[in-house]
1. Mind telling me which of the residues 72, 76 ends up being modelled with pLDDT under 90 and closer than 24 Å to residue 48 by Cβ?
2. Looking at 75, 101 in this structure, which one is in contact (Cβ under 8 Å) with a residue 40 or more places away in the chain, surrounded by 15 or more Cβ atoms within 10 Å (Cβ to Cβ) and out of contact with any Cys (no Cβ under 7 Å at 6 or more places or on another chain)?
3. Just give me the residues in the stretch 139-169 being touching an Asp or Glu at 6+ places or on another chain (Cβ under 6 Å) and of a type in the set (Lys, Arg), in sequence order.
4. Of the residues in the stretch 135-169, how many are surrounded by 14 or more Cβ atoms within 10 Å (Cβ to Cβ), part of a loop (DSSP other than H, G, I, E, B), at pLDDT 85 or above and within 11 Å of the ligand (Cβ to nearest atom)?
Amino acid sequence: MWNWQEMWPRLKAKFERQPAAQRENNSRQFIPVEWYENRANTIAGEHYKKEIREYQVTETFVKVVIRIYFGDTFRDGYGFCEIDNLGTANAVDRAFAEAHRNGFDSYEMGWEDLRIYEKKGIRDKPAEEVFCVKCSKPLDAEDIEAMKKYPRLVVPYHVGTCAPPHLLK
Ligand SMILES: [Zn+2]
């Protein structure tokens, strides 16, 4: 029997290892998708399911929407990646990874871990050194201000365009 009240705290509990800093500029911290999936499988087992809701590849960008289920609860994670000189396959990989990450993020998974970086001052960095997790472009000063205002906004987004509305509460 799937008990959401019991399982959710276990899903979003702190990971045992610290998330690695994976970006060359060191300003964008995230948790590897494998960790989320491992956590989901371990805690939820057969109650964890995912489904590709949208997969669009154009000449210039890749867009992916992954729906993540725990029991009968679901959230959609969006991934968007412009095709750059790394090529289409690379953009597909990145868009899928981002869609997964955003999907798990909407269950607050990893928040405990990402707060480590928040404390280390992502909110105090100059906006141009912080990159939106949706579109990968640098933030504006107003986005950084918004991160101070909305506690749920733990990873950087452009507030007016890219941030999921449920985080702006
Ligand atoms: Zn953005």
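1. Details: 76 fails: modelled with pLDDT under 90.
Answer to the check: 72.
2. Working: 75 fails: in contact (Cβ under 8 Å) with a residue 40 or more places away in the chain.
Exactly one of 75, 101 is in contact (Cβ under 8 Å) with a residue 40 or more places away in the chain, surrounded by 15 or more Cβ atoms within 10 Å (Cβ to Cβ) and out of contact with any Cys (no Cβ under 7 Å at 6 or more places or on another chain), namely 101.
3. Within the stretch 139-169, none qualify.
4. Counting residues in the stretch 135-169 that are surrounded by 14 or more Cβ atoms within 10 Å (Cβ to Cβ), part of a loop (DSSP other than H, G, I, E, B), at pLDDT 85 or above and within 11 Å of the ligand (Cβ to nearest atom) gives 8.
The values are calculated or read from the model by the stated rules, or taken from the named source; none is laboratory data. Only a predicted model underlies this, so the values are computations on that prediction, with no experimental measurement involved. All Cβ positions, glycine included, derive from the backbone under ideal geometry; neighbour counts span all protein chains shown.
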